[in-house]
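All of the numbers you see were taken from the coordinates with simple rules; none came from a lab. Only a predicted model underlies this, so the values are computations on that prediction, with no experimental measurement involved. Every residue, glycine among them, receives a Cβ derived from its backbone with ideal geometry; neighbour counts consider all protein chains shown.
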Amino acid sequence: MRIVLLCSAVLLIASAAFAADPNLFGKGWADGHAASDVIWSQPADGSAALASQNFEAAYDAYDCWGADDVKFTKASFYVTDVHVFGEFRYGTEIPKGYFVRVFDDNGGKPGSVIYNDYAKVKTAEWSWVLTNKFLANQNKVYWFSFQADLPFAEANGGQWYWEATQKITGVEGKWQNPGGGFGMGVNWIDAGDLVGLNVDWAFELTGYVVPEPGTTALLGTLLLGVGGLLWRRK
Ligand SMILES: [Ca+2]
Ligand SMILES: [Ca+2]
């Protein structure tokens, strides 16, 4: 009887390890490191590219940023890296970094800032590592915002544009220019209003699924059970 119990426990552990969707569970999942899985993808389609930039003080009136909605329906995820499709005006620009912010949802628009990061570590063109991973809970709407920290008139300055796509996921991407330098969007507006299209922002998120506490607890219980059985057999 004890041997049968021991075998069934081991079988349960083995099946738990292979039950996961391979698209969600990357190599790093088990040890808690970032896997290379793209968990959210809105690639650019060349339809538009719009300013989303923090300028130097002389041009603060032009400070602006876009934001787009993300909702994971299958699981909660840790977001570890961002890939932002972008382009420069002159090609000689060197941004100091990128502000990555996440807003909560306010009735279909960005609400309050709930996450603030300054990405400086680049892993590939337009790909940035977040300093602190972001926990995106399942079925909750988050607005992701990317903004180049780039002077306009200083050395290696210029302009950066966030690319867009006409494929809308969720609701349309938003844009804001509180200082009013561009003459639109003092409050959040649809990004597409700037170009007469309906657009989302183009970006991808990389990360890994948050392990379910229930799974960990179950494995722990089974392992304890196995340990107890082995101890009793002595
Ligand atoms: Ca500024
Ligand atoms: Ca959207």
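The table that follows gives values for the structure above.
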quantity: GLU125 versus TYR90: modelled label distance in nm, points set 7 Å from Cα along the beta carbon direction; calculated: 2.0
quantity: Cα convex hull of segment 86-140 - mean projected area over all directions, nm²; calculated: 5.2
quantity: Range of Cα positions in segment 33-210 per principal axis (Å), largest first; calculated: 43, 33, 29
quantity: Unit charges at the beta carbon, dipole of segment 33-210: most positive-side option, TRP128, THR206, LEU194; calculated: THR206
quantity: Cα Rg, Dmax, segment 29-137, angstrom units; calculated: 15.2, 49
quantity: Candidate lysines - alpha carbon under 30 Å from LYS109, same-chain residues fewer than 8 apart omitted; calculated: LYS71, LYS74, LYS96, LYS120, LYS122, LYS133, LYS140, LYS167, LYS174
quantity: Cα-projected label distance for LEU135 with ILE168, points at 7 Å along beta-carbon direction, nm; calculated: 3.3
quantity: Dipole magnitude of segment 30-127, debye to nearest 20 (Cβ charges: Lys/Arg +1, Asp/Glu -1, about Cα centre); calculated: 60
quantity: Hz values of 3J(HN,Hα) by residue in segment 150-165 - Karplus curve (6.51, -1.76, 1.60), Gly and Pro given as x; calculated: 8, x, 8, 10, 8, 4, 6, x, x, 9, 10, 10, 8, 6, 10, 9
quantity: 5 angstrom amide H check on GLY173, placed H, neighbours 5+ away; calculated: ALA191, VAL199, ASP200, TRP201
quantity: Dipole magnitude of segment 33-210 about its Cα centre (Cβ charges: Lys, Arg +1; Asp, Glu -1), debye to nearest 20; calculated: 440
quantity: Ordering of 97-107, 116-126, 72-82 by burial proxy (mean other Cβ atoms within 10 Å per residue, highest first); calculated: 72-82, 97-107, 116-126
